[in-house]
Amino acid sequence: MFSHLPPYAGDPILSLMEQYLRDERPAKVNLGIGVYADGQGAIPVLATVRAADAELAKVQAPFTYLPMEGHAGYRQAVAQLLFGADQPAPEHLAVVQTLGGSGALKVGADLIARFFPQPTIWIPDPTWDNHIGIFEGAGFKTERYPYYDAQTKGLAFDAMLGKIAALPKGAVLLLHPCCHNPTGVDPTRAQWEQIVDAIERGGLLPFFDLAYQGFAQSLDDDVWPVRECLRRGIAFFLGNSFSKIFSLYGERVGALSVFCPQKNEAANVLGQLKLTVRRNYSSPPMHGALVVAKVLGDAALRTQWQAEVETMRVRDMRSKLHQQLSRAVPDRDFGFLLRQNGMFGYTGLTVAQVDRLREEFGVYAVGSGRICVAGLNDGNVARVAEAMAEVLRG
Ligand code: KET
């Protein structure tokens, strides 16, 4: 019955995690998957999450079904966090709770594929691998636009803008509003303005993937490109994830927001999103969304959470790795580590060097040369710097 099924080649990030868990060397270091670990190397349960959880446990609500679109209080809290004081009126905004940021991409992709035949999405080169999987899985063709310049280890801005400006009307454009995965390289505010100009002029449909709000500058600054589209009345899709910024990975908490500039379009968009959810998994899970809604809806908890987000911004580990690598390999410039935003460092290591890091030193990085800086701590950073220096010396 199943002999025609080929083996699964594995996922560049999740299969690496499986391999890491199987590794029996005590000194192994996981810099593969994008997960924040604290100074002791443990995945934290945030104090605000604990507090919200304790509150929720006091009144044991029944485990009923949530509506297809998710929990109403959660959806409101999400819109407030994303759009702040600029929050559009309900007739312009459709928000559905999703299974993490991945679920938001999938629900959005399915919706677009149903109403815009033979869709193509333009994704940055490089991007998070699963963008290709999710959009091609939903029937999209994927095309790339220039993004990263390996020479300068910065943004290939002119090439990027040139490509975006030449896209056909209605083209779907995937953008990382902050903390670009995997490179950590983000456009400046002035560059974003030019990108939004090109989107507006070309009549493009931006699809923002926001998994790291607050990990670059601040909760508000990091969504500036999205709010600028809103201000200008440009329709967009926005998927957001609470996996990283609430350390709620396994709870699968996210949302998809669609901004509809034309009055009353949001009702039909929301209806079609509900249908998309219904025919996929019917309705989303409850617990993680209740926790997030509780924290965001309580002024004191929200302020405390903001401080917790700041502690997960990993600037100090970037500096430490930069310092130790610069000392170990003085003829190389590691300044890019300090310029990159978010959880990741894009090192420029080759596949062979990444393999050597893993096999000889037990240091796990993604094949693209991406390391998760949020996996470093005072107990392992020296060892990682030494191992990286060793493979760089060849
Ligand atoms: N978007 C981006 C840009 C992203 O980096 C991730 C996860 C997601 C969406 C998915 O979020 P979630 O809420 O878990 O569905 N990235 C890390 C984990 C992974 O690959 O699944 C990573 O890049 O390591």
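Close amide H pairs (under 5 Å, H built 1.01 Å from N) link residue 29 with 363, 364, residues at least 5 positions away or on another chain.
For the options 59, 295, 107, a Gaussian network treatment of the chain with springs between C-alpha atoms closer than 10 Å singles out 59 as fluctuating the most. Once both labels are positioned 7 Å from their Cα atoms along Cα-to-Cβ, the gap between residue 152 and residue 18 label points is 4.0 nm.
A Gaussian network model of the chain, with springs between Cα atoms under 10 Å, assigns the largest mean-square fluctuation among 230, 66, 155 to 66.
Close amide H partners of residue 171, meaning residues 5 or more places away or on another chain with modelled amide H under 5 Å apart, are 205.
The range 364-393 and the range 105-162 have their alpha-carbon centroids 28 Å apart.
Remark: the range 172-178, residue by residue, has Karplus-estimated 3J(HN,Hα) of 8, 10, 7, 10, 9, x, 7 Hz, where x stands for each Gly or Pro and the curve is 6.51 cos²θ - 1.76 cosθ + 1.60 at θ = phi - 60°. Less than 18 Å from a label point 7 Å out along the Cα-to-Cβ axis of residue 272: which backbone N atoms in the range 49-78 qualify, by residue? Residues 69 fall inside that zone. Over all pairs of different C-alpha atoms, the range 67-144 has a mean inverse distance whose reciprocal, the Kirkwood radius, equals 14.1 Å. Name the residue, out of 168, 284, 119, whose mean-square fluctuation peaks in a Gaussian network model built on the chain with Cα pairs under 10 Å. Of the options given, 168 has the highest mean-square fluctuation.
Can you compute the helix-only [θ] at 222 nm over the chain? Use -39500 (n - 2.57) per DSSP H run of at least 4 residues, normalise by all residues, nearest 500 deg cm²/dmol. Show your work: numbers first, answer last.
Details: 15 runs with 171 residues, N = 394.
The helix contribution divided over the chain gives -13500 deg cm²/dmol.
Pairs over the 22 Å Cα-Cα cut-off, from the set 106/244; 106/163; 106/153: 106/163; 106/153. Just add up the charged neighbours of residue 285: K/R +1, D/E -1, any other residue whose Cβ is under 12 Å from the Cβ of residue 285. Cβ neighbours under 12 Å give a net charge of 0. Going by alpha carbons, how many degrees (0 to 90, nearest 10) lie between the helix axis of 189-202 and the longest principal axis of the chain? Roughly 50 degrees, rounded to the nearest 10. Projecting the Cα atoms of 223, 57, 259 onto the charge dipole of the range 49-305, computed from C-beta unit charges around the Cα centre, puts 57 farthest toward the positive end.
Given that compact globular proteins tend to follow 2.2 N^0.38 Å, what is the ratio of the alpha-carbon Rg of the chain to that value? Can you show the working numbers first?
Working: Rg = 21.1 Å, N = 394, 2.2 N^0.38 = 21.3 Å.
Dividing the Cα Rg of the chain by 2.2 N^0.38 Å gives 0.99.
Along the chain, the exposed loop sites are chymotrypsin sites (Phe, Trp or Tyr not before Pro) outside DSSP states H, G, I, E and B with at most 12 other Cβ atoms within 10 Å, and the longest stretch free of them is 66-394. Which of the lysines could a cross-linker bridge to residue 58, judged by Cα under 18 Å and excluding same-chain residues fewer than eight apart? Once the sequence-local lysines are set aside, what remains near residue 58 is 294.
Helix 100-115 axis versus longest C-alpha principal axis of the chain: approximately 50°, rounded to the nearest ten. Computed from the C-beta positions of residue 282 and residue 1, the FRET efficiency with R₀ = 45 Å rounds to 0.95. Among rounded, prolate and oblate, which fits the range 114-251 when a ≥ b ≥ c are the square roots of the eigenvalues of its C-alpha gyration tensor, a/c under 1.5 means rounded, and a/b larger than b/c means prolate? Verdict is rounded for the range 114-251.
We did not get these values from a lab; they are worked out from the coordinates using the rules stated. In this text, all values refer to a predicted model and were calculated from it rather than measured experimentally. When we count neighbours, we look across all protein chains shown, and the Cβ atoms used for this are built from the backbone with ideal geometry, even at glycine.
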